[in-house]
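Please treat every number below as a calculation from the coordinates, not as lab data. Owing to the predicted nature of the structure, the values given are computational and were not obtained by experimental measurement. Every residue, glycine among them, receives a Cβ derived from its backbone with ideal geometry; neighbour counts consider all protein chains shown.
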Amino acid sequence: MNEIVVGVDLSQSARAAVTWAAAQARATGQTLQALHAIGGSPALSRTLGMSGVPVPIAASEIDAVYREAVAAVFDSIQPEPGWQLKFFAGDAGPALVSESAGATLLVVGTKDHVGIGRLVSGSVSHYCLSHAQCPVVAVPAGPDDTANKDHDHAATDTPAKS
């Protein structure tokens, strides 16, 4: 498959990853699939004994304001024809690893988790680096991402509509 998969959420690190992945896709003539997962973290799911498999969900199943905010991050890269934004219910790490099977590259942002935040929320980038079956690029957010030092998943992972 001639495709790059990238994780997207509302964080600065995800914005940096999407920007980097778009530039790489353009430079190499590949398609880009951006993926947003709505759910908890891999570490929390393991702690709770959950092994839920991420499943695709229709964009219409997500709160419109939140969906539009995520879509705006994707649209900021001026997607090429054939590039897609997909939504999944489930943990981001397993969703990204599953969707990147056969891809040429998986791109994720990195967030600095400190203290209890690292234990509770885990690290999607670490999960992907440990489990992906294709090359993984972890893109740091840069110096302006100080607000995400102790990232709260509730701030970027909004539940699907009830």
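For the reader, a short list of remarks on this structure follows.
- Approximate spin-label separation Asp75-Arg26, in nm, with each point projected 7 Å along Cα-to-Cβ: 1.8 nm
- A cut-off of 5 Å between modelled amide H atoms, ignoring neighbours fewer than 5 places along the same chain, links Ile62 with Lys161.
- If the chain linking Glu68 and Gln133 were pulled fully straight, counting 0.36 nm for each residue of separation and taking away their Cα-Cα distance, it would gain 20.3 nm.
- Cut-off under 5 Å, modelled amide H: who pairs with Val139 long-range: Val108, Gly109, Thr110
- From phi via Karplus (6.51, -1.76, 1.60), per-residue ³J(HN,Hα) for segment 26-37 in Hz, x at Gly/Pro: 5, 5, 10, x, 9, 8, 10, 10, 8, 10, 10, 10
- The amide H of Ala34, built 1.01 Å from its N in the peptide plane, has Val6, Gln84, Leu85, Lys86 as neighbours under 5 Å, considering only residues 5 or more places off or on other chains.
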